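For reference, the structure discussed in these notes is given below.
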Amino acid sequence: MSAIEPVLVALLFADRVLVEEGNHKKTIVGTFTQFYSEKFPVVFPPWFIYAAATNFAGEFSFSVNLVLEKDQQVVLGISGKVKADNRNKVNEFIFPIQRAIFPSAGTYSLTFNIGGVQVGSRLLEVIPQPQNSMS
């Protein structure tokens, strides 16, 4: 396995990622950077992580990790293998998220790694939303 320098093209949180039949074009619907909840722990309705990277060829392991920053608690960990034949091609990854449990409000850090190299990261804020009170 040779040294790689993957380049991040995209790293998004989205409500949905649709893939067209035939041409495999992606439609990314409802991108976001925050979740709101009245109660914790919480599981949000299904959502997606979309990642894309280029500038690597060969077979490599990849991982996506979502961690609560304040105590380094791992909320989501996904790993696998990717095979890229052409270093110039953009490789797309779609991760449907069904049951990630968010233990508390706070800042969550998403990291995307290919071949042991961190390709990119971004933050997801989970914000407490006050319960509606009747006046």
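No lab work stands behind these numbers, since they all come straight from the coordinates. Predicted, not measured: the structure shown is a model, and the values here were computed from it. Neighbour counts are summed over all protein chains in view; Cβ atoms, including those assigned to glycine, are modelled from backbone coordinates with ideal geometry.
Percent relative contact order of the chain, based on C-alpha pairs within less than 8 angstrom and at least six residues apart?
Relative contact order, the chain: 30 percent.
Would you list which lysines come within 24 Å of residue 89, measuring only between C-alpha atoms, while excluding same-chain residues fewer than 8 positions from it?
Here the lysines satisfying the reach criterion relative to residue 89 are 25, 26, 81.
Over the chain, what is the percentage of antiparallel beta bridges among all DSSP beta bridges, to the nearest 5?
If I count the DSSP bridges inside the chain, around 90 percent turn out antiparallel.
Kindly state, to the nearest 0.05, the FRET efficiency for residue 28 paired with residue 99, given R0 = 25 Å and r defined as their beta-carbon distance.
0.70
Amide H neighbours of residue 120 under 5 Å, counting only residues 5+ apart in sequence or on other chains, H built in-plane at 1.01 Å?
Here the answer is 112, since their amide H atoms fall under 5 Å of that of residue 120.
Is any residue of the range 4-48 close enough, with backbone N under 18 Å, to a label point placed 7 angstrom from the Cα of residue 87 along the Cα-Cβ axis, and if so, which?
Of the residues in the range 4-48, 4-9 have backbone N under 18 Å from the label point off residue 87.
Counting only residues 5 or more places away or on other chains, whose amide H sits under 5 Å from the amide H of residue 37 once H atoms are built in the peptide plane?
Those lying under 5 Å, H to H, from residue 37 are 127, 129.
Mind jotting down the three principal axis lengths of the range 49-135 based on Cα atoms? Whole angstrom, largest first.
Taking the Cα atoms of the range 49-135, the three principal extents are 62, 24, 19 Å.
Running a GNM on the chain with Cα contacts under 10 Å, which residue among 27, 111, 54 ends up with the highest mean-square fluctuation?
27
Straight distance only, please: which lysines reach the Cα of residue 70 with their own Cα at less than 25 Å, same-chain residues fewer than 8 apart left out?
Answer for residue 70, where 25 Å is the Cα cut-off: 39, listed by chain and number.
So for the chain, taking the charge dipole from beta-carbon charges (+1 Lys/Arg, -1 Asp/Glu), which of 94, 40, 29 sits furthest toward the positive end?
Going by the charge dipole, the pick is 94.
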